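The values are calculated or read from the model by the stated rules, or taken from the named source; none is laboratory data. None of the values given here were measured: they were computed from a predicted structure. Cβ placement follows ideal geometry from the backbone for every residue including glycine, while neighbour counts extend to all protein chains displayed.
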Amino acid sequence: MNPLTSRGFASYAVLYLHMFYGSNCIIRLKKDFNPTVVAFLKSRAPELLVETPMPERATRCLRKLGHKVSRKDTIRYRLIRVELPNGEVEVLMTSLLHRRKYHRRHFAGLYNSRWGVETCFHILKSYFQAAVFASYTNESIRQEVWAMFALFNLQSMCQFALEKQVGQKTQGRKYAYQLNRNVGLGYLKRFLPALLLDGPKRWWARVKELLALLLSVLEPIRTDKNRVRKKGLMRGAERHIYEPNYKPSL
C-alpha cells in the first residue's frame, strides 16, 4: 500500500488500514472531500487534529476485508494546509499526529517525493503496457508482471549507467536531456535474448552496442511544476480503460 496517496484515491479505509498494520501515510484530499475539509480551508488554519466517527462507506469497505468496524468506532487524523508557489492550496491528511516531531513545514517536500513512484507507474502503464496481458490465469499474469518489473529494472540500470554521458553530450543545450524510455525499450527488447543467452565475451560486446543505441535517442526534459492543470475527462463511463499514450516501439 502506497503511504503517499494521491487525491483520487483518498479514503478513510486507506487511513484505517495503515494505522491498523502499524504504518503511516500522507493522503492528498480533494478540497470538497468532506465538510470538515471545507471548513478547514475556510478557516485558513495551518493544521487541524480531527477525531470523527467512521463513515458508513469506509465501514462497509473494511467489513468486506474482514475487519470488525462499526459506525461507533472513531478515527483520528491530522489535516495540513500546503500553499504551492503558484498560489494554489492543497490539503494533506496524515496519520502522523505529533505536531512537534512531525512539523507541518516538512510535509510538502515529503509528499512531493512520491513523484518517483508515480513516474514509475506511468512508465509501466504507458510504455510497458502493463494493463495488457496475454495470459488469463492468476499465476501466468503474475509471471508477466514480474517479468515486466525485471525488464523495467534492467532499463533503469542502463539509464543510470549513462547519466554522466548524457550530461556530457548535452552540455550547453537549452534543456536538460534524458534517455527516451519508449524508444529505448524497443532497443532493449531486441537485445534481451542475447543479453540473457550469450557468453561473457559476446555479452559485453552486445551491452556496449545497446548502450550506444540508447545514448543516441535523447529527449529534452521540459519541466514546469507550477503550470496550471487543464482538467479533463480522464476516463469515460468505465474506470479502467487502457489507452496507450505511446505507439509501441516494436
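Details
- Some residue of segment 43-66 being touching a residue at least 60 places away in the same chain (Cβ under 8 Å) and in a strand (DSSP E or B): no
- The criterion of at least 1 residues that are farther than 15 Å from LEU215 by Cα is met by the following helices (runs of 4 or more DSSP H) wholly inside segment 131-197: 138-161, 181-197.
- Residues being under 17 Å from CYS25 (Cα atoms) and exposed (fewer than 12 other Cβ atoms within 10 Å of the Cβ) - total across segment 39-98: 3
- Residue check, GLY109 assigned by TED's automatic domain parsing to the domain that holds LEU48 and assigned to a helix (DSSP H, G or I): yes
- Yes/no for VAL14 being at pLDDT 90 or above, farther than 12 Å from ARG78 by Cα, in the same structural domain as ARG81 (by TED's automatic domain parsing) and within 17 Å of the chain's Cα centre (by Cα): yes
- Boolean, VAL37 is outside any helix (DSSP H, G or I), modelled with pLDDT of 90 or more and either assigned by TED's automatic domain parsing to the domain that holds LYS68 or more than 17 Å from GLU88 (Cα to Cα) (or both): no
- Taking the criterion of being touching a residue at least 40 places away in the same chain (Cβ under 8 Å), among the hydrophobic types (A, V, I, L, M, F, W, C) and touching a strand residue (DSSP E or B) at 6+ places or on another chain (Cβ under 6 Å), the residues of segment 87-128 that qualify are VAL89, VAL91, LEU92, MET93, LEU97, PHE107.
- Any chance ILE75 is among the aliphatic types (A, V, I, L, M) and in contact (Cβ under 8 Å) with a residue 60 or more places away in the chain: yes
- Search result, residues across segment 193-214 that are of a type outside the set (A, V, I, L, M) and under 20 Å from VAL166 (Cα atoms): ARG206, LYS208, GLU209
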